[in-house]
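The values are calculated or read from the model by the stated rules, or taken from the named source; none is laboratory data. As the structure is a prediction and not an experimental result, all values here were calculated from the model. Note that each Cβ is placed from the backbone with ideal geometry, even for glycine, and that neighbours are counted across all protein chains shown. In case anyone asks, the SASA skips ligands and DNA or RNA and just uses the protein heavy atoms, side chains included. Shrake-Rupley method; radii C 1.70, N 1.55, O 1.52, S 1.80 Å.
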Amino acid sequence: MKLSLTIPALLILAASAWAAAQDDPPPEPRRDFRYALATIDDATVYSNLQVPLPTLLNQVLIEPTLDFRYKPHWSFSSSLVGVANRYTGTYTQLRVKESYASLSAGDFDFMAGRRIVRWGTGYAFTAAGVLDPPRIATNPTDRLNLNEGRDMVKVDFVHGPHALTAAWSSAVLAPASEKLHDTTAFRYNVLLRGFDTSLIAGSDRGGDAFGGLTFTRVLGEAWEIHGEAAWREHEAILLGAKYTTLGGITFIGEFFTPPNIPYYQDVTIFPLVGRQNYLFLRAGKTRLRELPQWKQWDLAASAVANMNDRSYTAILDATRRFGNHFSSYLHMEIPVGSKTSEYGSTPYSSATSIGVRFQL
């Protein structure tokens, strides 16, 4: 009698163990390798060009990316861009956007190499992003993916809601035209009463010390406000907001006022006088309509203006996707203003870029 009761009990236990094993997720692989490849053929036509240069610039870009992870702690990432263009001649270049190794150990993350970091909260401008790639207000999304990271050693310590970062960046390998310096920077980030807040401090070698504050606050499901304040010789301030309608249209507005110093203004190209004030506005929507003829389209219109000299540049972006790998796009810039204004002095009346992108 006991044997007849024991055998069914063992069978039930075995079935339960087998079912529990089926519910457990499979163990993570010790090694994980991923890669991606993007190819872009971009042609830009300049209208009414006022300098003795060709009106057509054609570029072909090949952008491979790879990520390798060993166990849960070690990782290596690299992103390259090969550029070939025809303008005044044929020109080729290989850019290392990122190439870095990282190690995670408890609450600490260590990183060494070239990496793109974004400490600033601004979309088109930044006051406090001391290690960020340069913002170009007429092309804030970096549509050709040409931004390069800084060469640095970085340590992150994360404990609960607190995050502390220490970074040292070298300018030895940076192009001389970017006028970068060796930079030591610290960042403390915390979520305080709904505000994602960061305090930034540091110094450039051979330059002055700097300090900054950034914040982001989400209000409900539609609004986001963000801002930055920085001190580098003089104060720089950024205030911005983003609003998304129920129909999926996103509006972005930013006000930026930097001091007239070389760090914020390239005075060798355009000798601005005194503090400048900028305004950026953008309206865009992905998947224009949930219909077969429209959901592959993305459309955005924006403008960046210098409020001091009343010049501005209007920008139009349109993208059409074809399946999962191909897309085409249109990017147009139209500068407006007097010949002595910042945007009005642009040596063409419009620049129209048309391109095809393949992603794998």
>> Between residue 168 and residue 107, how high is the FRET efficiency from 1/(1 + (r/R0)^6) when r is the Cβ-Cβ distance and R₀ = 22 Å? Nearest 0.05.
In response: 0.65
> Which residues make up the longest stretch of the chain that has no GluC sites (Glu not before Pro) in a DSSP loop with at most 15 other Cβ atoms within 10 Å?
Replying inline: 1-220
> Can you list the chymotrypsin sites (Phe, Trp or Tyr not before Pro) in the range 281-328 that are in a DSSP coil and have 12 or fewer other beta carbons within 10 angstrom?
Replying inline: 294
>> Can you compute the helix-only [θ] at 222 nm over the chain? Use -39500 (n - 2.57) per DSSP H run of at least 4 residues, normalise by all residues, nearest 500 deg cm²/dmol.
In response: -2000 deg cm²/dmol
>> Expected output is a single nm value to one decimal: the length gained when fully extending between residue 221 and residue 325, i.e. 0.36 nm times separation in residues minus the C-alpha distance. What is it?
In response: 34.3 nm
>> Tell me whether the chain comes out rounded, prolate or oblate; compute the Cα gyration tensor, take square roots of the eigenvalues as a ≥ b ≥ c, and use a/c under 1.5 as the rounded threshold.
In response: prolate
> Relative contact order (percent) for the range 213-360, with alpha-carbon contacts under 8 angstrom and 6 or more residues of separation?
Replying inline: 13 percent
>> Could you report the accessible area of residue 184 in Å², rounded to 10, computed with a 1.4 Å probe on the protein chains as they sit in the structure?
In response: 50 Å²
>> I'd like to check one number: the per residue accessible area of the chain, probe 1.4 Å, reported in Å² as a whole number.
In response: 59 Å²
> When we measure straight from the Cα of residue 179, which lysines land under 23 angstrom away, once same-chain ones fewer than 8 places off are left out?
Replying inline: 97, 154
> For 117, 153, what's the largest-to-smallest order of accessible area, 1.4 Å probe?
Replying inline: 153, 117
>> About the Cα centre, and with charges only on the beta carbon of Lys, Arg (+1) and Asp, Glu (-1), how big is the dipole of the range 63-218? Nearest 20 debye, please.
In response: 260 debye
>> Leaving out ligands, DNA and RNA, and with a 1.4 Å probe, what % of the accessible surface on the chain is carbon or sulfur?
In response: 63 percent
> Say the dipole of the chain comes from +1 at the beta carbon of Lys and Arg and -1 at that of Asp and Glu; which of 351, 236, 200 then lies farthest toward its positive end?
Replying inline: 351
> Which of rounded, prolate, oblate describes the range 112-213, given a ≥ b ≥ c as roots of the alpha-carbon gyration tensor eigenvalues and a/c under 1.5 marking rounded, otherwise prolate only if a/b is larger than b/c?
Replying inline: oblate
> Each residue of the range 220-230 in turn: what ³J(HN,Hα) in whole Hz from Karplus with 6.51, -1.76, 1.60 and θ = phi - 60°, glycine and Pro shown as x?
Replying inline: x, 9, 10, 10, 9, 10, 8, x, 9, 9, 9
>> Could you sort 114, 275, 282, 69 by their accessible area in this structure, using a 1.4 Å probe and putting the largest first?
In response: 69, 275, 282, 114
> How much of residue 243 can a 1.4 Å solvent probe reach, expressed as accessible area in Å² and rounded to 10?
Replying inline: 80 Å²
> Taking Cα centroids, how far is the range 319-359 from the range 227-269 in Å?
Replying inline: 22 Å
>> Which of rounded, prolate or oblate describes the range 210-360 when judged by the alpha-carbon gyration tensor and an a/c cut-off of 1.5?
In response: oblate
>> For a Förster distance of 51 Å, can you work out the FRET efficiency between the beta-carbons of residue 196 and residue 84, rounded to the nearest 0.05?
In response: 0.80
> In the range 150-255, what trypsin sites (Lys or Arg not before Pro) fall in a loop by DSSP, with at most 16 other Cβ atoms inside 10 Å?
Replying inline: 179, 193, 205
> So who's got an amide H within less than 5 Å of the one on residue 307, skipping anything under 5 residues away but keeping other chains? H placed 1.01 Å off N, in plane.
Replying inline: 277, 278, 279
> FRET efficiency for residue 239 and residue 184, Cβ-Cβ distance as r, R0 = 25 Å, nearest 0.05?
Replying inline: 0.35
> Can you list the lysines whose alpha carbon is less than 16 Å from that of residue 242, not counting same-chain residues fewer than 8 positions off?
Replying inline: 285
> If contacts are Cα pairs under 8 angstrom and at least 6 residues apart, what is the relative contact order of the range 183-297 in percent?
Replying inline: 14 percent
> For the residue pair residue 157 and residue 295, what label-to-label distance in nm results when each label sits 7 Å from Cα along the Cα-to-beta-carbon direction?
Replying inline: 4.9 nm
>> Rolling a 1.4 angstrom probe over the protein chains, ignoring ligands and nucleic acids, what is the accessible area of residue 195 in square angstrom, nearest 10?
In response: 80 Å²
>> Under the 0.36 nm per residue contour assumption, what length would be gained going from the current alpha-carbon distance of residue 349 and residue 43 to full extension?
In response: 108.5 nm
> At q = 0.11, 0.18, 0.25 Å⁻¹, what log₁₀ I(q)/I(0) does a Debye calculation on the Cα points of the range 183-278 give, no solvent, two decimals?
Replying inline: -0.44, -0.94, -1.24
>> Relative contact order for the chain: what percent, with Cα pairs under 8 Å and sequence separation of 6 or more?
In response: 12 percent
